[in-house]
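Since the structure comes first, as structure tokens, the remarks are kept for the end.
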Amino acid sequence: MREEFQKALDFYYRHLLFVEGNNFLNSTLGFLNSFLETNKKPRIAYAFHPWVDKAKERFDFFKQIGLPLTDIDYSSSEKFLGETFDLVIMDAVDDFRPNYISRLTDMARGGGLIVIYTNDIYKDKLYRNSLIRDGIVDSFFEDRFMRKIRSYQGIIYVKDEKLVNFKSVNVNELKRSSLKIPSNPSIPVKLHNLCLSEDQNKALEESLFILHDDRKRILAVTAPRGRGKSAVIGLFLSYVVFLKYREPTVIIITSPSYYSSSEIFRFLAKGLKSLGIKYTVTKSRDGKIMRISAGEVIVRWLAPDLAKDYDGYLIVVDEAAALGIETLEYIIRKWNKTILITTIHGYEGSGKAFLKYLLLIKQKYLFKHVTLDFPIRYSKGDPIERFIYDVMLLDAEPKIKQLNNSIEEVNREELFKNDGRLRQIYGILVSAHYRNSPDDLMLLGDLHFQKLYSLSDVSLAQVIFEGGLSEERINSILKGESNLGHLIPHRIIKYERLKEFGKLKGWRIIRIAVLPELQGKGLGSKLLSHIKGDAISNNLDWLGSSFILDIRVLNFWVKNDFTPIYLASRKNEGLNGYSVIVIYPISDKAKELANVLSFNLKRKIINTAHQVYFNVSPLSLAKLLDSINAFNKTEDLKPQDIDKINAYLEGILPYNSVADSIGLLTKKYFWEMPIKLDLLEEAVLVGRVLQGKSWSHISCNIEKSPRETEEILRNAVNKLMKAFI
């Protein structure tokens, strides 16, 4: 293999060594010694779960190669985003998880080697074990993975100390990026010299669009993973600092996770150094760069909830697709200059649905879209990137197909043997949602107690059985047991303390998706109607779903007669939102419990919106309240309250002087609803009265000016006074 490893160095592509079976450690070490003959001083990463029994012993075994190893705990591997290694070793004895494999494979540079070693990918793997229910789990993902291992160039497959398969790489299929600094560049050549591809040089110049005049501008930078998009924006920010050095200027960087933005700071510092600009760095206790200051300019990272309301010159949103549309729309309305960066194909989630959103932005604002295509770490056409994209379906692009309106339950075993159809179906699941990962593909392949419904392979629904829990299991959940595969019953039992719900049986719709080009045509509702019929014929008690609260998604479920029964009290930081549960009750008992739960949810929102749900969009909260058919008689307004509110309507008193009386009126409306206000009026009442948001904050949510926002509230209050008095 020495000649093959040397060829990989010369043409800047990678190999993957997959070792399984008996004596996997010695088999792996033999190939590593061959690799080290051509790579004398490699940078080495070793990934594992250090806390699992015997994992440390295997790590110590590899230390005998006599070179320093960077040990990476799988669970915190996100911290190493942007790092590059010559040799990446993955211990897959304890875990074989698609997210980890995808992320760590991407860290190897051209000429490098990725190693995955295991005893057996089918047995005792942590993530796969989490999919086991009642002792049963499928293995369709692993079966397909092993077929792909045998079919790709550049993959060395060793089993039980024997070489099973290796195909040499055809270097004619590779292309390495060239460096080409634009003639007469507007941005200093020193920064262009830090770029690693012509795409980066071009993107650096095109980013100047965001600085032209003072009008609202949006720059979107999209690319597959590993193209250097965050790095080039970091270099661009160093130029902005250079321009604004003597002006008080604040630039905010935000992202769902700090580590997504670490490359921006790294290249911002590199750029400033190349320009000869002195700067100071502020780090967190665990070493994260949180702020860089130079002259009068401050560049700092803030979490999305803080960043969106901050005041500054420019905001950069990294991995923007993962933030969700509501947050992005708020940021775009609030900020005058916004840079959106996102991965289109990658393990952090699909940004393909995000491209559809960019088309809407383009129609409303001054907008520029910059793309990068060439990889930074290895040649274009790298066989291991091709393998990972294929086996994890990172680039599954569904096609518009002729509708025959037939609905079928898909055989998942056959599906994972049919690559064309799997790409179509899985491609729809990822293209219609903003947050996906390779783990979702394993869940689709291996979770046994699920159903997959298809309408002409353009609308899909993934459904899992939940409920029917024993008294013992219910009591353990009441005592705080973690979720073990029954999400909806678990949330209702643990947080709402309604133990009866655990005995009911239902289906949770994990996701329902329609090809983006065909959305809005009723296909999802048609598929859902079919699933309702199946649920009824299977004598289930309920049909339900859990999702991150978004008014568009909520509208779909409410339109199809689902009732909100639960809203999480804590934000899911990874998904940047609050989980909501909706159900369609079927049995009489389910209907009875749904009424109790929806009443309690309405009461909780009305009474705690100012505290627990302050950061939720008022439009979404208003829609939730609007969707719950629960009513309650409340105290009548006293003459003094009526007098105060009338004084406000006549312009005699300001809002703050009558806030208590308008609060009583607002709660009375949402509990009794004698008339129906429009959603915008309800949202302003929720935002100002129940949540206590400022006029400016609400105006960013509803796309109105602060003055228009107060006028909407005044009109709503006037209508309510006529209805109640």
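The values are calculated or read from the model by the stated rules, or taken from the named source; none is laboratory data. Just so it is clear, the structure is predicted and the values come from calculations on it, not from any experiment. FYI the Cβ positions are ideal-geometry reconstructions off the backbone, even for glycines, and counts take in every protein chain you see.
Observations, loosely collected:
- When Val514 is tested against (1) surrounded by 22 or more Cβ atoms within 10 Å (Cβ to Cβ); (2) modelled with pLDDT of 95 or more, exactly one condition is not met: (2).
- Inspection of region 563-576 identifies at least one residue that is on the phi > 0 side of the Ramachandran plot, in contact with a helix residue (DSSP H, G or I) (Cβ under 6 Å, 6 or more places away or on another chain) and crowded, with 18+ Cβ neighbours inside 10 Å.
- Selection from region 156-188 of residues that are without any contact (Cβ under 8 Å) to a residue 12 or more places away in the chain and part of a strand (DSSP E or B): Lys162, Leu163
- Where helices (runs of 4 or more DSSP H) sit wholly within region 189-243, those with at least 2 residues that are under 28 Å from the mean Cα position of the chain (by Cα) occupy 198-206, 229-243.
- Residue that is surrounded by the most Cβ atoms within 10 Å (Cβ to Cβ) [pool: residues in region 44-73 that are aromatic (Phe, Trp, Tyr), within 21 Å of Leu113 (Cα to Cα) and without any contact (Cβ under 8 Å) to a residue 40 or more places away in the chain]: Phe62
- Residues of region 527-580 that turn out to be more than 25 Å from Gln611 (Cβ to Cβ), touching a residue at least 24 places away in the same chain (Cβ under 8 Å) and of a type in the set (Phe, Trp, Tyr), as a count: 3
- Out of Gly445, Gly420, one residue alone is under 24 Å from the mean Cα position of the chain (by Cα), in a helix (DSSP H, G or I) and not charged (D, E, K, R). It is Gly445.
- Residues in region 112-155 that are among the polar types (S, T, N, Q), outside any loop (DSSP other than H, G, I, E, B) and at pLDDT 95 or above: Thr118 alone.
- Close pairs from region 383-394: first on the phi > 0 side of the Ramachandran plot, partner part of a helix (DSSP H, G or I), Cβ under 6 Å, at least 6 apart: Leu393/Tyr426; Leu393/Leu441
- Hits in region 586-610 - residues which are touching an Asp or Glu at 6+ places or on another chain (Cβ under 7 Å) and crowded, with 18+ Cβ neighbours inside 10 Å: Ile586, Ala590, Leu593, Leu597
- Of the helices (runs of 4 or more DSSP H) entirely within region 624-725, those holding at least 2 residues that are within 22 Å of Ser598 (Cα to Cα) and either touching a residue at least 24 places away in the same chain (Cβ under 8 Å) or touching a Pro at 6+ places or on another chain (Cβ under 8 Å) (or both) occupy 655-672, 679-684.
- Restricting region 511-551 to residues that are polar (S, T, N, Q) and touching a strand residue (DSSP E or B) at 6+ places or on another chain (Cβ under 6 Å), the residue that is nearest to Ser456 (Cα to Cα): Ser545
- The set of residues in region 436-465 being surrounded by fewer than 22 Cβ atoms within 10 Å (Cβ to Cβ) and in contact with a Gly (Cβ under 7 Å, 6 or more places away or on another chain) consists of Ser437 alone.
- Any pair with Cβ under 8 angstrom, 6 or more apart, that starts in region 1-28 at a residue that is over 14 Å from Leu163 (Cα atoms) and in contact (Cβ under 8 Å) with a residue 60 or more places away in the chain and ends at one that is assigned to a helix (DSSP H, G or I) and among the hydroxyl-bearing types (Ser, Thr, Tyr): Phe5/Ser34; Phe5/Thr38; Leu9/Thr38
- Residue among Phe631, Phe599, Phe670 that alone is out of contact with any Cys (no Cβ under 8 Å at 6 or more places or on another chain) and at pLDDT below 95: Phe631
- Pairing each residue of region 581-608 that is among the aromatic types (Phe, Trp, Tyr) with any residue that is part of a loop (DSSP other than H, G, I, E, B), provided the two are 6+ apart or on different chains, yields C-beta distances under 7 Å for Tyr584/Asp561; Tyr584/Phe562; Phe599/Ala630.
- Residues within region 77-108 that are outside any strand (DSSP E or B), in contact with a helix residue (DSSP H, G or I) (Cβ under 9 Å, 6 or more places away or on another chain) and under 29 Å from Val232 (Cα atoms), tallied: 16
- Output for region 524-559, where each listed residue is aliphatic (A, V, I, L, M) and either under 24 Å from Leu593 (Cα atoms) or modelled with pLDDT of 95 or more (or both): Leu527, Leu528, Ile531, Ala535, Ile536, Leu540, Leu543, Ile548, Leu549, Val553, Leu554, Val558
Conditions tested, residue by residue: (1) hydroxyl-bearing (Ser, Thr, Tyr); (2) in contact with a Phe, Trp or Tyr (Cβ under 6 Å, 6 or more places away or on another chain).
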residue: His610; (1), (2): no, no
residue: Phe614; (1), (2): no, no
residue: Leu680; (1), (2): no, no
residue: Val684; (1), (2): no, no
residue: Ser694; (1), (2): yes, no
residue: Leu720; (1), (2): no, yes
residue: Phe724; (1), (2): no, no
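- In region 9-53, residue modelled with the lowest pLDDT [restricted to those that are within 22 Å of Val158 (Cα to Cα) and part of a loop (DSSP other than H, G, I, E, B)]: Asn22
- Taken over region 217-252, the criterion of being among the polar types (S, T, N, Q) and touching a Phe, Trp or Tyr at 6+ places or on another chain (Cβ under 6 Å) is satisfied by Thr249 alone.
Results for (1) out of contact with any Leu (no Cβ under 6 Å at 6 or more places or on another chain); (2) at pLDDT 95 or above; (3) β-branched (Val, Ile, Thr); (4) at positive phi, shown as yes or no for each residue.
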residue: Arg473; (1), (2), (3), (4): yes, no, no, no
residue: Ser476; (1), (2), (3), (4): yes, no, no, no
residue: Gly480; (1), (2), (3), (4): yes, no, no, yes
residue: Asn483; (1), (2), (3), (4): yes, no, no, no
residue: His486; (1), (2), (3), (4): yes, no, no, no
residue: Arg491; (1), (2), (3), (4): yes, yes, no, no
residue: Lys494; (1), (2), (3), (4): yes, yes, no, no
residue: Phe501; (1), (2), (3), (4): no, yes, no, no
residue: Lys505; (1), (2), (3), (4): no, yes, no, no
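- The strands (runs of 3 or more DSSP E) found entirely in region 258-361 that carry 2 or more residues being among the aliphatic types (A, V, I, L, M) and either touching a residue at least 12 places away in the same chain (Cβ under 8 Å) or in contact with a strand residue (DSSP E or B) (Cβ under 9 Å, 6 or more places away or on another chain) (or both) are 289-294, 297-301, 314-317, 337-343.
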